[in-house]
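Here is the structure we will look at, set down as structure tokens.
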Amino acid sequence: MSTDARQCAPRKVLFFSHDGKLGDAIVNTAFVAGLARHNPGCEIHATVAGITAAFWEHDSRVARLWKLGRGWGEAIRTGLALRRERYDVIVTWQRMRSEKNRALLWLARPGRVIDLHEFNRAGVVHKIEACGEALGQAGVIVEQSELAYDVRIAARSEQVDAQFPPGQELIVINLFAADAERNVARADAVALLRGLQAAAPEAVLCLMCTDATAATAFAVVEESGTGQVMNCEGNLHQLFRLCERADVVVSPDTAVIHIASSFRTPVVGIYQNNGIKPVQWGPRGCASAVVLSQCPRTIQGFCVDEVVAQAAALRRRPAEAAAPAVASIPA
């Protein structure tokens, strides 16, 4: 980014978070934290939808949330309302593809739009670095080493604390993603639970799920002969508490990776072997490991034994001493 691109620090900023992706929202807490810390007089707004609305409503640094639905009428009304706010900067993170989002942005008419198009073309880096770039383009300069997730939602759950009391080692496993390409196959899931339990016989294994995945989770637990199931549907406090409480978290590329990273919980991530996803969306923290599949499009073919070994290694050393690890499976 050139020096000319850096502008005076803005007084009012809106950033887009209405894609409904919790993982993106967690990453973007680094942007909010940097803006609030280095430009404390700035008024921060966000567009939200679905689970991102529930997430950002717990962050007092964001002064106003603009909830967006699917209809064109709502987009037009919201766009006109945004225009009255007179934003110095709107951060969209990427160029708008949908007609509705482009119309929303055109109606809002901010002083400047930051879409990070050139930054995203420059190379594959972790998404948290996009937060630093957006801050820099807005005139708020932070060091990349300073960028960190900064989640403000309270991690609390009486159910989690009762089911997994203090002193009991807890390994949390997530098998499910938003698309089938990142779901752990049932046979691999059964082998994974058995392997983790054999490596940590004193630990309790908890398989997290939602309403849509509960039946599969219970079937995996029954077939493997080990583990418990916890349904976190619609309960962000419980989901965050489970990730905070865990001694190790194992998950494919989902928001769970970033939730665990935000609490510095050791995490083993399972990723497609394409050189992009593990870099852009990998665990953020030194107490982590990444295991790659055989395929660039799906996580099928990852080595269950390698996941178990990485989880065991993270159990044996404190988070401060753990170095990131990446294990790939030859094609």
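The values are calculated or read from the model by the stated rules, or taken from the named source; none is laboratory data. Quick caveat, the model's predicted, so the values are computed rather than measured. Backbone-built Cβ (ideal geometry, glycine too); neighbour counts: all protein chains shown.
Taken over the range 23-81, the criterion of being in a strand (DSSP E or B), closer than 23 Å to residue 178 by Cβ, touching a His at 6+ places or on another chain (Cβ under 7 Å) and among the aliphatic types (A, V, I, L, M) is satisfied by 48 alone. When only residues in the range 58-109 that are among the hydrophobic types (A, V, I, L, M, F, W, C) and surrounded by fewer than 15 Cβ atoms within 10 Å (Cβ to Cβ) count, which is modelled with the lowest pLDDT? Selected residue: 72. Quickly run through the range 146-176 and pick out the residues that are surrounded by 19 or more Cβ atoms within 10 Å (Cβ to Cβ) and either of a type in the set (S, T, N, Q) or under 25 Å from residue 30 (Cβ atoms) (or both). The answer is 147, 149, 151, 153, 155, 157, 172, 174.
Restricting the range 242-256 to residues that are surrounded by fewer than 23 Cβ atoms within 10 Å (Cβ to Cβ) and not acidic (Asp, Glu), which is nearest to residue 311 (Cα to Cα)? Only one residue tops the list, namely 245.
Each residue in the range 197-215 was checked for being more than 22 Å from the chain's Cα centre (by Cα) and either assigned to a loop (DSSP other than H, G, I, E, B) or not assigned by TED's automatic domain parsing to the domain that holds residue 231 (or both), and 4 of them qualify. Looking only at residues in the range 122-133 that are more than 18 Å from the chain's Cα centre (by Cα) and assigned to a helix (DSSP H, G or I), the one that is surrounded by the most Cβ atoms within 10 Å (Cβ to Cβ) is 133.
Considering only residues in the range 66-96 that are among the aromatic types (Phe, Trp, Tyr) and more than 22 Å from residue 51 (Cβ to Cβ), the one that is nearest to the chain's Cα centre (by Cα) turns out to be 87. The selection criterion, being over 21 Å from the mean Cα position of the chain (by Cα), at pLDDT 95 or above and under 23 Å from residue 199 (Cα atoms), holds for residue 309. Output yes when any residue across the range 176-193 is under 15 Å from residue 239 (Cβ atoms), at pLDDT 95 or above and not in a helix (DSSP H, G or I), and no when none is. Yes, the range 176-193 has at least one match. Restricting attention to the range 283-306 and to residues that are over 23 Å from residue 127 (Cα atoms) and either in contact with an Asp or Glu (Cβ under 7 Å, 6 or more places away or on another chain) or modelled with pLDDT of 95 or more (or both), the residue that is surrounded by the fewest Cβ atoms within 10 Å (Cβ to Cβ) turns out to be 305. Would you confirm, using the coordinates I've provided, whether residue 232 is in contact with a Phe, Trp or Tyr (Cβ under 7 Å, 6 or more places away or on another chain) and either closer than 25 Å to residue 273 by Cα or buried (at least 21 other Cβ atoms within 10 Å of the Cβ) (or both)? When the stated conditions are applied, residue 232 does not pass them. Please specify each residue of the range 307-316 satisfying the condition of being buried (at least 21 other Cβ atoms within 10 Å of the Cβ) and aliphatic (A, V, I, L, M). Scanning the range 307-316 gives 307, 308, 311, 314.
Residues that are within 18 Å of residue 150 (Cβ to Cβ) and of a type in the set (Val, Ile, Thr) number at least 1 in the following strands (runs of 3 or more DSSP E) confined to the range 220-278: 267-271. Hey, any hits in the range 72-88 for a residue that's closer than 23 Å to residue 151 by Cα and of a type outside the set (Phe, Trp, Tyr)? The answer is no; no qualifying residue exists.
Do we have residue 138 as buried (at least 18 other Cβ atoms within 10 Å of the Cβ), under 23 Å from residue 269 (Cβ atoms) and of a type outside the set (S, T, N, Q) here? So residue 138 fails the test.
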